[in-house]
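One structure below.
The values are calculated or read from the model by the stated rules, or taken from the named source; none is laboratory data. The structure presented is a predicted model; accordingly, all values stated were derived computationally and were not measured. Because the Cβ atoms are built from the backbone with ideal geometry, glycine has one as well, and the counts that use them run over all protein chains shown. These accessible areas exclude ligands, DNA and RNA; they are computed on the full protein's heavy atoms, side chains included. Shrake-Rupley method; radii C 1.70, N 1.55, O 1.52, S 1.80 Å.
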Amino acid sequence: MAKKSQSSQEQSAEAVVDKLGELGAEDGEVCVDQVVETFGARGYGPMLLVPALLGASPLGGIPTVPSILALIIALIAGQMVVGRTHFWLPEFLSQRSVSGEKLQNARDALSKPAQVMDKLFHGRLEWATSDPMPRIASAIVMVLCAVIVPLELVPLAALLPFSAIAAFGLALTVRDGALMLLAIAISIVSLYTAANSLLF
């Protein structure tokens, strides 16, 4: 029973955010490759959740950061669609770095929301997080990433698609099918809102 509790604790939004803070505390500069190596072994969920949370945090307010995060997420999601479990990124992205202090600040900003998410979301409708849903989610995530880049020109507009991607990541992390279905709904709203922002 204790083992199950520990495993559940490791697969939570709070555990992911805490690990992000630990990475920032260990090094003055943390490169993308370190983040992929740290979270890649935890499955698809954290690999979507971590960059999406960073995009929704104050770090996402830095110019060009949302576009870089969207490109990273899109490349990872594309590999998820074809079933890869070891993720590759081109060197110009994998060697990009962020200061450890900024990661710790992001952890501080995201810690309480992560605790709330863990209380609200847990294993429900697990069939909706089993194959082929992770691949379908990854395909939707790629579409969301495509609209984040132009949305960077509109203040705070990228927050909604990043939130949808984070919802997909959290759903896969805690195996909550109800959240997976909610993430699909948020994605539809995000794409509709993006279309209105960019076309009208």
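What to note about this one:
- Scanning the range 79-135 for residues that are among the aromatic types (Phe, Trp, Tyr) and in contact (Cβ under 8 Å) with a residue 24 or more places away in the chain gives Phe87, Phe121, Trp127.
- Exactly one residue out of Gly24, Gly55 is over 26 Å from Leu144 (Cα atoms), touching a helix residue (DSSP H, G or I) at 6+ places or on another chain (Cβ under 9 Å) and modelled with pLDDT of 80 or more, and it is Gly24.
- Extreme residue, surrounded by the fewest Cβ atoms within 10 Å (Cβ to Cβ), among residues of the range 59-68 that are touching a residue at least 40 places away in the same chain (Cβ under 8 Å) and touching a helix residue (DSSP H, G or I) at 6+ places or on another chain (Cβ under 8 Å): Ser67
- Just one residue in the set Gln104, Gln95, Gln79 is modelled with pLDDT of 90 or more and surrounded by fewer than 22 Cβ atoms within 10 Å (Cβ to Cβ); that residue is Gln79.
- Of all the listed residues (Thr193, Thr173), the sole one being in contact (Cβ under 8 Å) with a residue 24 or more places away in the chain, crowded, with 22+ Cβ neighbours inside 10 Å and among the β-branched types (Val, Ile, Thr) is Thr173.
- Listed by position, the helices (runs of 4 or more DSSP H) contained in the range 69-180 that have at least 2 residues being among the small types (Gly, Ala, Ser) are 100-120, 133-151, 159-174.
- Selection within the range 182-200 - farther than 15 Å from Ile165 by Cβ and assigned to a helix (DSSP H, G or I): Tyr192, Ala195, Asn196, Ser197, Leu198, Leu199
- Scope the range 152-200; condition aromatic (Phe, Trp, Tyr) and more than 20 Å from Leu69 (Cβ to Cβ); matching residues: Tyr192, Phe200
- Taking residues in the range 149-166 that are in contact (Cβ under 8 Å) with a residue 60 or more places away in the chain and open to solvent by 50 Å² or more (accessible area, probe 1.4 Å), and partners anywhere that are part of a loop (DSSP other than H, G, I, E, B) and of a type in the set (A, V, I, L, M, F, W, C), the pairs with Cβ atoms closer than 9 Å and at least 6 places apart or on different chains are Val149/Ala158; Glu152/Ala158.
- Which listed residue, of Val30, Val17, Val36, Val50, is aliphatic (A, V, I, L, M) and outside any helix (DSSP H, G or I): Val30
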